[in-house]
1. Could you please tell me which pairs satisfy a Cβ distance under 7 Å, a separation of 6+ or placement on different chains, a first residue in the range 96-116 that is polar (S, T, N, Q), and a second residue that is crowded, with 16+ Cβ neighbours inside 10 Å?
2. Taking the condition of being in contact (Cβ under 8 Å) with a residue 24 or more places away in the chain and of a type in the set (G, A, S), how many residues in the range 193-211 meet it?
3. Could you grab me the full set of residues in the range 228-253 that are under 24 Å from L302 (Cα atoms), open to solvent by less than 60 Å² (accessible area, probe 1.4 Å) and assigned to a helix (DSSP H, G or I)?
4. Taking the conditions exactly as written (buried (at least 16 other Cβ atoms within 10 Å of the Cβ), in a helix (DSSP H, G or I) and not acidic (D, E)), does V267 satisfy them or not?
5. How do the pairs read when you match residues in the range 35-46 that are touching a residue at least 24 places away in the same chain (Cβ under 8 Å) with residues anywhere that are in a helix (DSSP H, G or I) and open to solvent by 50 Å² or more (accessible area, probe 1.4 Å), using Cβ under 7 Å and keeping only pairs 6 or more apart or on different chains?
6. Just a yes or no: is a residue in the range 141-152 buried (at least 24 other Cβ atoms within 10 Å of the Cβ) and over 20 Å from the mean Cα position of the chain (by Cα)?
7. So Q103 passes all but one of these: (1) open to solvent by 20 Å² or more (accessible area, probe 1.4 Å); (2) part of a helix (DSSP H, G or I). Which condition number does it fail?
Amino acid sequence: MAVGTVVSRAGFRFRPRFDWRGTGLRGSANAARWTLLFVLANLVAVTVVTRFATSADTALPSGSVGTSAYLYAQTIWLLPQSVVTVSLVTALLPRMSRAVAEQWLDDVRDDLSRGLRISGLVTVPVAFFFLALGPQIAAMIPSGGPTVPMGRMLQAFALGLIPFSAQYLLLRGFYAFSDTRTPFLMAVWISGLDIALATGCHLLLPPRWAVTGMAAAYSLSYLAGLLLTATRLRRRLEGRLDGRRLVRTYGKLVLAAGAAAGAAWAVATYAVPVQLGPAAALPAGGAAMALLFLVLARALRLPELRLLPGLRT
């Protein structure tokens with residue numbers, strides 16, 4: 001006997017229900033709407049920059065200074081953010097959401113501060129590593145792409161990794177408050193500034209340097225976005241965001257990473273190629289930077305170093 005017949009004989013009737021009020025669908029629909037608009041705002045900026053980069057490729061007989069170099073460099077640049085910051089956000093967001101629900105704003109503030117300091121321990125030295133050794137990194141990657149423009153663009157992107165990663169983490173503070181509208185507004189601000197700066201690069205710089213300028217513009221737009229995002233989130237957290245400790249930690253990280261990057265650049269550019277050849281430049285420069293960064297960070301008494309196995313400050 002068919003299942004439908006059995007159900008019918010049992011007295012059950014299928015009837016559509018439209019009493020959706022109170023089921024939470026309105027909140028989900030609003031969150032989805034702002035999230036989709038967030039993606040769209042970023043997509044508009046990507047489309048504009050890609051069009052300008054393609055124009056640079058067309059303008060030069062040699063080509064390969066625009067789209068492919070930009071995308072390769074951006075992919076390398078995003079790796080630390082994808083591995084470290086995204087992993088931190090995955091762990092912190094449920095904790096922050098629970099703390100918001102219980103009105104424990106101090107816990108939300110502490111989680112954000114801890115996440116920013118832990119991610120900074122990786123993103124700050126890596127950003128300076130890209131700045132110091134961008135050409136050597138590009139030369140060692142078997143991408144088949146244009147290594148010289150890629151290296152320059154990686155250097156132009158480099159320091160933007162710090163605000164990009166921090167802004168990504170701070171946005172999750174708004175998501176903990178179930179606010180997806182503010183991240184959309186931040187995306188509109190950042191994308192609008194990126195488009196304006198990229199347009200200036202396209203119009204004012206020669207094609208050989210225009211796309212490199214666009215990479216730097218992307219970094220600058222996220223720096224401005226970080227400042228605006230931090231200001232808005234600070235209001236949500238009753239005017240406090242653990243700013244002094246964050247400034248102190250990032251100041252020490254920048255000081256140690258900047259000095260180490262300078263030494264790495266000197267080793268990779270002048271010392272090693274003469275003695276051992278270009279192929280040894282990247283590993284030698286990277287080793288010099290890692291060693292000097294750890295020494296300086298320890299001398300500056302950076303407490304986050306305790307997170308690294310075997311190290312104490």
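1. S97/A176; S113/D242; S113/L246
2. Looking only at the range 193-211, we keep the residues that are in contact (Cβ under 8 Å) with a residue 24 or more places away in the chain, and these are 193-195, 197-199, 201-202, 207-208, 210-211.
From what is left, the residues that are of a type in the set (G, A, S) are 198, 210.
Residues flagged as in contact (Cβ under 8 Å) with a residue 24 or more places away in the chain and of a type in the set (G, A, S) within the range 193-211 amount to 2.
3. Scanning the range 228-253 gives A230, G243, L246, T249, Y250, G251, K252, L253.
4. Values: buried (at least 16 other Cβ atoms within 10 Å of the Cβ): yes; in a helix (DSSP H, G or I): yes; not acidic (D, E): yes.
It is true that V267 is buried (at least 16 other Cβ atoms within 10 Å of the Cβ), in a helix (DSSP H, G or I) and not acidic (D, E).
5. A41/V188
6. yes
7. Just one mismatch for Q103, condition (2).
Residues checked against (1) over 16 Å from L171 (Cα atoms); (2) surrounded by 19 or more Cβ atoms within 10 Å (Cβ to Cβ); (3) touching a helix residue (DSSP H, G or I) at 6+ places or on another chain (Cβ under 8 Å); (4) among the aliphatic types (A, V, I, L, M):
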site: P80; (1), (2), (3), (4): yes, yes, yes, no
site: S87; (1), (2), (3), (4): no, no, no, no
site: R109; (1), (2), (3), (4): no, yes, no, no
site: L112; (1), (2), (3), (4): no, yes, yes, yes
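The values are calculated or read from the model by the stated rules, or taken from the named source; none is laboratory data. On a predicted model such as this, the values are computed, not experimentally measured, just so you know. Cβ coordinates were reconstructed from backbone atoms using ideal geometry, including for glycine residues, and neighbour counts include every protein chain displayed. Surface areas here come from the heavy atoms of the whole protein model, side chains and all, with no ligands, DNA or RNA. Shrake-Rupley method; radii C 1.70, N 1.55, O 1.52, S 1.80 Å.
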